[in-house]
Amino acid sequence: DKVLIFLIPECRECSSCLHPKSNFCLKQSILPPTGLMLDGTSRFTCRGRKIYHLYGTSTFTEYTVVHEIAVGKIDDDAPMDTVCILSCEVPTGFGAVFNIAKVTPGSTCVVFGLGGIGSAVVMACKASGASRIIGVDIKEEKFPRARELGVTDCLNPQKLKKPVQEVVVEMTGKGVDFAFEAIGLIDTMVATLESCHPSYGVAVIIGLAPTNSQLIFDPTLLLSGRTLKGGALGNYKTRSCIPKMVTDYLQKKINIDPLITHKLPFESINKAFELLQGGH
């Protein structure tokens, strides 16, 4: 069978899986960050040394061993070199908009980070009818493609005379309706919250911060009505929802092709990581 492997499983038994608004299975393996399997062990060794599974998936191995609850069967005719991004990138970005923030038509949005997940957020904001989408990134070579996906204004924080959140507030009057952080830095998470309208702005944290990080911000930011939210894989229940997204792609109900910028053979994996780290 063709399958997608998920870093968040769906046991369909725990309180999270049984709740209609949650997908964070209590048997998940995202913690600890060493990438141990669901039961805290590793299934691989090499020359007597334990090999850890990245998020319990090890998707760059030729063969892997995973838990059944972390695997979703997909359509036989699905192109694996495309639908692979539906294991993480697409549901994380789309779900942040559709499921977590619930972006409304005519709203204003800001997206911190215009990489793969940030680009998926942009596409979803546009599909939701957002009237203005501000993209924030320090790599200006990403701006032309971001505009093609739906970004209306591009900001490089390194070239601004004041903090980017202050610029966003000035551009939108009192702040955006919805703000998304797709980088994983404490500073940008705070900037995301401060970019929101004080009464009804919604900030969604998507990026994974460094281990042992502490998010510190002025609590009065929330007293006026702002909302700070988070979510993993866009709150989609993995085994139940993501295979259906593959079917939707095959039936041309959704388009994920613009999110793929490069396709390289496995032998060029180091080149792929160089492109990733370079922000391309």
Which cross-chain or sequence-distant (5 or more) residues have an amide H under 5 Å from the amide H of Ile133, H modelled 1.01 Å from N in plane? Cys109, Thr152, Asp153
Residue by residue through the range 98-115, what is 3J(HN,Hα) from phi via Karplus (6.51 cos²θ - 1.76 cosθ + 1.60, θ = phi - 60°)? Round to whole Hz and write x for glycine and proline. 6, 9, 8, 7, 6, 4, 10, x, x, 7, 10, 9, 10, 10, 8, x, 10, x
Which value, in Å², gives the accessible area per residue of the chain when a 1.4 Å probe is used on the protein heavy atoms? 53
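Out of the range 180-280, which trypsin sites (Lys or Arg not before Pro) are coil in DSSP terms and have no more than 15 other C-beta atoms within 10 Å? Mind dumping the intermediate values first?
Working: sites: Arg226, Lys229, Lys237, Arg239, Lys244, Lys252, Lys253, Lys263, Lys271; in loops: Arg226, Lys237, Lys252, Lys253, Lys263.
Loop-located and lightly packed - Lys252, Lys253, Lys263.
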Would you compute, for the Cα atoms of the range 92-233, the largest minus smallest coordinate along each principal axis and list the three values in descending order, in whole Å? 37, 31, 30
List the equivalent ellipsoid semi-axes of the chain in whole Å, largest first, each obtained as the square root of 5λ for an eigenvalue λ of the Cα gyration tensor. 32, 21, 20
Taking only DSSP H segments of four or more residues, each worth -39500 (n - 2.57), what value at 222 nm results for the chain once the sum is divided by all its residues, to the nearest 500 deg cm²/dmol? -7500 deg cm²/dmol
Area accessible to solvent at Asp187, 1.4 Å probe radius, in Å²: 130
Efficiency of FRET from Cβ geometry, Glu148 and Lys263, R₀ 30 Å, rounded to 0.05: 0.95
Taking 0.36 nm per residue of separation between Ile51 and Thr104 and subtracting their Cα-Cα distance, the length gained on full extension comes to 14.6 nm
Filter the trypsin sites (Lys or Arg not before Pro) in the range 59-143 to those in DSSP coil with at most 16 other Cβ atoms within 10 Å of their Cβ, and list the result. Lys102, Lys139
Taking loop as defined by DSSP and a crowding limit of 16 other beta carbons within 10 Å, which chymotrypsin sites (Phe, Trp or Tyr not before Pro) in the range 128-219 fit? Tyr200, Phe217
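The values are calculated or read from the model by the stated rules, or taken from the named source; none is laboratory data. Because the structure is a prediction, the values reported are computed rather than measured. Please note: Cβ atoms are built from the backbone with ideal geometry, for glycine as well, and neighbour counts cover all protein chains shown. All accessible areas refer to the heavy atoms of the entire protein, side chains included, with ligands and DNA or RNA removed. Shrake-Rupley method; radii C 1.70, N 1.55, O 1.52, S 1.80 Å.
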